[in-house]
Each structure stands twice: as C-alpha cells, then as structure tokens.
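> Questions regarding the structure given below will be posed in turn.
Every number here is computed from the coordinates shown, using simple stated rules; none is lab data. A quick note: this is a predicted structure, and the numbers were derived from the prediction, not measured. All Cβ positions, even for glycine, are placed from backbone atoms using ideal geometry, and neighbour counts span all protein chains on display.
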Amino acid sequence: MAGLLYVCPAGRYGASTAMSDNQCSGACSIPGFYCPTGSTSPVKHVCGGDNVFCPGGTKGDAALGVSAVDGTVAPISVQAGFYTVDYEYSQCPPGKWRADSSVWVCELIVN
C-alpha cells in the first residue's frame with residue numbers, strides 16, 4: 001500500500017523520513033533561526049541581524065524577503081533602547097541607549 005507524502009508546515013521541521021503526522025520532528029523554537037515550509041532542520045535558516053530579531057518559532061525572515069506564513073510568529077524590528085547579538089534580544093544596560101536602527105550598539109548617554 002502506497003502512502004502519501006506531506007511537507008512539514010512552516011514553523012516545524014522533519015529530520016527523518018517516514019514520519020506519520022504533520023507535527024514532524026518538532027517545532028522550530030530556537031531564537032535566531034526560522035523554518036519555512038519543508039524545513040529539515042531547526043537551525044538551517046539563519047534569521048535576523050542588527051535591526052531584526054527572530055524569536056523562537058519564527059516561520060519566515062522579513063529581512064530576507066520571506067514573510068511568516070500565518071503571521072503567528074514573525075521577525076520583529078529591534079526597538080530603540082534594545083539590541084540583538086548572538087540570537088538574543090536584550091535591553092541596553094543602564095546609562096546606555098540605542099536611539100534607532102542606524103546604530104547597532106548601545107551608546108553611552110551624554111547629557
């Protein structure tokens with residue numbers, strides 16, 4: 001009896017063959033990566049940059065021109081007062097500020 005082949009949905013990945021449901025191997029929940037439809041690894045597609053952060057579960061990378069399929073988890077713009085490095089989204093430390101997307105580091109506040 002021949003089976004049907006299905007592609008893993010966006011936000012999930014399939015790391016092996018002959019999986020039996022659409023849950024595949026699991027959810028793509030690692031920050032800094034995204035999983036479009038048909039992904040085979042949770043870390044295959046790097047996502048984000050100095051001005052964009054991709055939380056775990058991101059289904060597309062707006063910076064690369066790939067939008068989230070259902071809009072539930074999408075890349076977010078790094079807001080003033082925050083920064084992103086090594087796939088982490090953090091607030092600037094006390095006494096420092098990131099004013100806008102033209103500056104990628106938190107700078108000392110000068111009065």
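> Between ALA99 and GLN23, what length in nm is gained on full extension when 0.36 nm per residue of separation is reduced by their alpha carbon distance?
Roughly 23.3 nm would be gained on extension.
> For a protection proxy built on the mean count of beta-carbon atoms within 10 angstrom, sort 87-96, 11-20 highest first, please.
11-20, 87-96
> Right, here's the next one. Note down the nm distance, to one decimal, between modelled labels 7 Å out along Cα→Cβ at ILE109 and at SER16.
Label-label distance for ILE109 and SER16, simple model: 5.3 nm.
> Compute the whole-percent fraction of alpha carbon pairs in region 1-61 spaced more than 13 Å apart.
55 percent
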